[in-house]
Amino acid sequence: MSMIIKFIVASIASGTPILFGTLGEICHEKVGHLNLGVEGIMSIGAVAGFMVGYRTDSFVLALIAAFIGGALASLLYALLTVTFMANQNVTGLTLTIFGVGLANFIGYYALQHSENGTLKLPENITAQMRNVSIPGLSNIPVLGELLFSYTPFVYIGIITALLLGYYYKRTKTGLNVRAIGENPAAADAAGIKVTKCKYLNICLGGGICGIGGAYTIMIINKGVWISDCVGGLGWIAVALVIFATWSPVKAILGSFVFGALRQIRYYMPNSIGISTAIYDMLPYAITLLVLVVTSVRMVREKSQPAACGTNYFREDR
Amino acid sequence: MENVKQKSSREALLHIIKRQEMGKRQATALRFGALLLALIAGGVFILCMGHSPFGVYRTMVSGAFRSKMAVQATVRNMIPLLLTSLSVTLAFKMRFWNIGAEGQMIMGAVFASYFGLFHSDWPHAVLIPVMLLAGIVGGGLFGLIPALFKTKFGTNETLFTLMLNYIALYLVVYLEDRPWRDPSSPGYAKFAIFGNNAKLSKVFGVQSGWIIALVMLVAVAVYMKYTKHGYEISVVGESEATARYAGMNVKKIVLRTMFLSGAVSGIAGMVQASGTTGTLSQGIANGVGFTAIIVAWLGRLNPVSIFIITFLFAVMEKGSSVVRSTFNLSEAFASVLQGIILFFVLGCEFFIRYRIVARKRGGKTEQ
Amino acid sequence: MTAQKENNVAIECRGITKRFGSVVANDKINLTVRKGEILALLGENGSGKTTLMNMLSGIYHPDEGSILVDGREVTINSPTDATKLGIGMIHQHFKLVEVFSAMENIVLGTRETLQKPKEMKARIEELSARFGLEIDPQEKIYNMSVSEKQTVEILKVLYRGAKILILDEPTAVLTPQETEKLFEILRRMKSEGNAVIIITHKLNEVLSISDRVTILRKGRSIETVVTSESDVHSLTELMVGRPVELSIDRPPVENRSEILKVVNLSIRKPDGALALNDVSFTINRGEILGIAGVAGSGQKELCEGLVGLLSVEKGAILYDKENIVGKTPAEIIDLGISMSFIPEDRLGMGLVAGMGMVENMLLKSYRSKKGPFVKTQPAREQAQRLIKRLEIVTPGVDTPVRMMSGGNVQKVLLGREIESSPNVLITAYPVRGLDINSSYTVYELLNEQKKKNVAVIYVGEDLDVLLELCDRIMVLCHGKITGIVDADKVTKDEIGLMMTGEQLQSESETEGEN
């Protein structure tokens, strides 16, 4: 029993950075921009969050920095794809290469200039990153552990997902945003400020990705700087967008599933003897399956926003 | 006509309009301008890090050529990048977004490695062609899968090929962990090294893969420019309806081209395994398949330009490892610089296709 | 011509100029629309109608000139500005979000979006009732027919309280009944005091719906006339700029003999709907067979089915008792039939827009040479030959064809097809979008082919042209043949009736008037 609870708790935690990346990517794709740069944006968020945390000793400032770092990286993407109408795939991939490179470069530089050859977040922050403990609630058996034993990131992630879900489904701006992703010309003709809306959502998405990046360095690597800290989670996040069929709320569930796939190896008896590579492969294989199934069934509401991948120029006819 | 009145200045100041075709020379000049600006931007970045940009750039270039060994390493870096860039070029020309060169390269390496690991007793003259063929088949089949789904169900190929990259990667991890694990190696799982018969011999001190890469460069260039198949690829890329109208079998062309695209990446995998790393490994592709997309785009799908850009990128990669030892800056500087260059060039493409005009008061348009 | 100083002017354009690069699309255009009137904007393709209207709706910005709404000078920077001024445009290509419901599309971008769905629904229904529109607000756009989509577009504009409505070629996609219904709606809007601008090049519609007509030619506003004081001839003359001899040569058929016999042919569209239903007719050498019908009656599928681009559901195409359905192009050629097809979408189907003339010539011939390589030299010679023969204007044989004018593009396409010396030539709307001069070149080329004993199929939309050019006319309605008649023994009205689905009584006895 306690094994199962531990497994669930670990899965939820493990899915959280992916959830951030996925939510960020959903923000991009809802306005019609496929961004293959999530890995890079998360890396920039990670290095920004880490460096600010390292200097200021403040968890909140670190989070804000991660958000801003990610948002700035996405701003670059938006500038190139929205205003300059550059190819989205190529820009995104470049952002990944650039972002990962930049994070590693800055990290290496800081490492060379650190006193004892390691970079570690100060104790003050690490303390705040520990699991939130809510007096009374966290102590309830089973339930307390299942619901109230996580780092702040988990709660931020779930709340963000719910807010985004509400935003896209229920609000006026959300409807406008979805219209842009489906048919920017129609949105434009309806009087929606397409460019402004794209910029805002892309930057918002980048910011959310950035927080996911901060998670990788603060929680997964326990506040110690290492190169390639995001380690491919950004790509899994892109996969999860498909798995969640572009729904922020379903992404919560999806991130737990993907988290579980990342954790299950530690909870399987050795005698079963499945290679860890199989667990690593599963998220991608399942995503592939979802991709194929949705394209075969052609459920239009559950597909990628129709204008995704193409840029919009008003005077094109 | 009535007088044109002065208007309220609520108008947007800048406005984007489409250009008519820009001259080739002017466009090339603009692209070189962008490259220069990118290098300046990179220089400012170096300056912020407290180093001299000129020093770093000079070291980078001289580092790639400072010794015979350095030159050989630079060339070695070029081989897989050139091959995968050619591979994605074939697909991109058809407007098929093959983001999967990475995975196709890995699968080529896997197929080739089967013979390299388990049939290294075969004579060199037999084994190498077999491995090459296996690489072609492995990469080709892996390129064929997304094409099949695309033609059959319209499945999005960008996302499909992206997923396949990771499936290929973890397949290698699995093989290393289980069936192909080197039993003689204690501790960590790893692949055995290929027997000597399975290794590409060296020519001028570099693995002979460079010859294969050059042959492929010419072959792909000729294929795209002068053959019926190449013509078909261009037509399908421009308009599928026209291709069908002209009696082309679009599905067949897509499948064939994606097989070839995958196959060229597969060759890259085989060459890398047999020539450079000497066996299969998890890092066999190491992101080359992604960089290839940038190279192909920068080279505007022109094989000759791609060759030049591959060379530049290889110099940056090799040079930045020297920069690391000289200036104590991370090798990641190569990635940063490549990113900056592409950002600038992507930005400059905009100015080739569009013009920004400022509107003066009164509604008149001035350039 | 100049604006009358009346209080009831809804919108006025003064000296509007718009350039695209070196092309002057609109040259000092003047236009006045009054409240409670329907103004038709008439002009050939490329005369600048749509450009002008796009400026009124905020898509483009004029380089010079001013726009006045209710007598006040205004600046329209974006569609939002246009909406605020009460201008609503219904584009030729609908601007709707397919996965949204009608209601979501209607309220999109307005302040009320998604507040109290019941209230919004009520308001939409109230609006619909007022103007006689029928729509289910909950229905998704992708489940709708073309005319339903148009209804949504109209509601979108009305919902925003538009007082000035602009419709860009709204009838192109409608059946005659749907057109009449639309006109009824427009008349209601007019009676409520709204101003309506309708862009069209169909003269009979101009005459039936509008109060005044403003004619544009080559980007200039030529004249504004009162509809009741004008007729087809005077309008054409204004549109073209010179008296037009609207007669097309029809050489007599010399030796009409059957080349293909189509028997009980049925074809489905890719989406599964039956586009062509049990169609039988013959195609003869040395004659032009016209095909009339409302857009979307199965013309496209018929053409594509004949040349093997669409698979045939049922039926046969017989050549000398041999069925060519399912045969490869090579096998068909071996039988002695060479078919050429001029599709409706020239740059998207007949030609490769981004390639030059040389590579476009290759499209049909690249396969015929042996070996894996493409030979460009013959294609280059062919391109140069065509330029001379058809007087094609282009900077060079390698200039992308998308840079050429519509007339020249059509010459490239027709020229290439004719050079392959076909014995069946199928043309779909071959003069659509061409100016009158280029149109006449096309008619001449088709007649030339006819004299060479080629079987020509001419799918057209202008009944006058069909009646004058073709020898026989086949009328399609909802994928069925409603009549095959001799062109000199039938009237326009009779064809119009057949287009709406009425079978003609005793076809052979009909006496034509012209």
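Worth a mention:
- Accessible surface of segment C:400-481 [probe 1.4 Å, protein heavy atoms]: carbon and sulfur percent: 46 percent
- Using Cβ point charges alone (K and R +1, D and E -1), the dipole size of the protein assembly as shown about the Cα centre works out to roughly 3860 debye.
- List C:Lys121, A:Lys193, C:Lys411, ordered by accessible area with a 1.4 Å probe, largest first: A:Lys193, C:Lys121, C:Lys411
- Segment C:9-240 - percent of accessible surface contributed by carbon and sulfur, probe 1.4 Å: 48 percent
- Shielded residues, segment B:246-262 - accessible-area loss of 30 Å² or more between chain alone and all protein chains, probe 1.4 Å: B:Ala246
- Computed as a quarter of the hull surface, the mean projected area of the alpha carbon convex hull for segment C:9-240 stands at 12.2 nm².
- Remark: chain A carries 38 Å² of accessible area per residue (probe radius 1.4 Å; ligands, DNA and RNA excluded).
- Its relative contact order, with pairs defined as Cα atoms under 8 Å and 6+ residues apart, puts segment A:24-144 at 31 percent.
- Using only side-chain charges placed at the Cβ, +1 for Lys and Arg and -1 for Asp and Glu, the dipole size of chain C relative to its Cα centre rounds to 1800 debye.
- Accessible surface calculations at 1.4 Å, restricted to protein heavy atoms, place segment B:78-322 at 35 Å² per residue.
- Interface residues, segment B:209-229 - accessible area loss of 20 Å² or more versus chain alone, probe 1.4 Å: B:Tyr226, B:Thr227, B:Lys228
- Given a 1.4 Å probe and the protein chains as shown, A:Ser247 ends up with an accessible area of around 30 Å².
- In this view, the solvent-accessible surface of C:Val485, computed with a 1.4 Å probe and all protein chains in place, comes to about 10 Å².
- These residues, B:Thr257, C:Thr399, go from largest to smallest accessible area, 1.4 Å probe, as C:Thr399, B:Thr257.
- For C:Glu37, the shell of other residues with beta-carbons less than 10 Å away shows a net charge of +3, using +1 for Lys and Arg and -1 for Asp and Glu.
- Spread of Cα-to-Cα distances over 10 Å intervals beginning at zero, given as percent, for segment B:173-239: 17, 21, 20, 23, 15, 3
- Loop-located trypsin sites (Lys or Arg not before Pro) in segment B:33-118 whose Cβ has at most 16 other Cβ within 10 Å (DSSP): B:Arg66, B:Arg95
- Between the listed residues C:Leu466, C:Leu363, C:Met339, the Cα displaced farthest toward the positive end of the dipole of segment C:312-470, a dipole computed from Cβ unit charges relative to the Cα centre, is found at C:Leu363.
- Heavy-atom accessible area for C:Glu461, with the other protein chains in place and a 1.4 Å probe, reaches approximately 90 Å².
- Each Lys and Arg contributes +1 and each Asp and Glu -1, all at the Cβ; summed about the Cα centre of segment C:9-240, the dipole is approximately 580 debye.
- Additional length obtainable on full extension of the chain from B:Lys190 to B:Phe204, 0.36 nm per residue less Cα span: 2.0 nm
- Area buried, chain A against chain B - accessible surface, total, 1.4 angstrom probe, square angstrom: 4600 Å²
- Kirkwood hydrodynamic radius of the protein assembly as shown, from inverse mean 1/r over distinct Cα pairs, in Å: 33.4 Å
- Averaging the sequence gap over all C-alpha pairs within less than 8 Å and six or more residues apart, then dividing by the number of residues, gives segment A:2-302 a relative contact order of 37 percent.
- When only Cα pairs below 8 angstrom with a gap of at least 6 residues are kept, segment C:9-240 shows a relative contact order of 30 percent.
- Segment C:326-356 and segment B:137-189: distance between their alpha carbon centers, rounded to Å: 40 Å
- For B:Tyr354, the amide hydrogen comes within under 5 Å of the amide hydrogens of B:Arg19, counting only partners 5 or more places away or on other chains and with H modelled in the peptide plane.
- Delta accessible area of at least 40 Å² on complex formation, residues of segment A:88-135, 1.4 Å probe, chain isolated as reference: A:Asn89, A:Val90, A:Leu93, A:Thr94, A:Ile97, A:Phe98, A:Phe105, A:Tyr108, A:Tyr109
- The portion of the accessible surface of chain B made up by carbon and sulfur, rounded to a whole percent, is 63 (1.4 Å probe; DNA, RNA and ligands excluded).
- Antiparallel %, DSSP beta bridges [both residues in the protein assembly as shown], to 5: 60 percent
- Taking each of C:Lys411/C:Lys450; A:Lys250/C:Lys95; B:Lys199/B:Lys252; A:Lys196/C:Lys118; A:Lys172/C:Lys149 in turn, the alpha-carbon distance tops 27 angstrom for A:Lys250/C:Lys95; B:Lys199/B:Lys252; A:Lys196/C:Lys118.
- Residue-normalised accessible area of chain C, expressed per residue, 1.4 Å probe, Å²: 42 Å²
- Shown are A:Ile156, B:Ile193, C:Ile198, whose ranking by accessible area with a 1.4 Å probe and every protein chain present, most to least, is B:Ile193, A:Ile156, C:Ile198.
- Leading residue at positive end of dipole, chain A (Cβ point charges), from A:Ser11, A:Phe98, A:Gly231: A:Ser11
- Whole-Å distance, taken between Cα centres, linking segment A:148-222 and segment A:24-89: 12 Å
- Value of [θ]222 nm, deg cm²/dmol, for chain C, DSSP H segments ≥ 4, -39500 (n - 2.57) each, nearest 500: -9500 deg cm²/dmol
The values are calculated or read from the model by the stated rules, or taken from the named source; none is laboratory data. Note that this is a predicted model, so its numbers are computed, not measured. Heads up, the Cβs are rebuilt from the backbone with ideal geometry, glycines too, and the neighbour counts pull from every protein chain shown. Ligands, DNA and RNA are stripped out before the accessible areas are found, and what is left, the full protein with its side chains, is counted by its heavy atoms. Shrake-Rupley method; radii C 1.70, N 1.55, O 1.52, S 1.80 Å.
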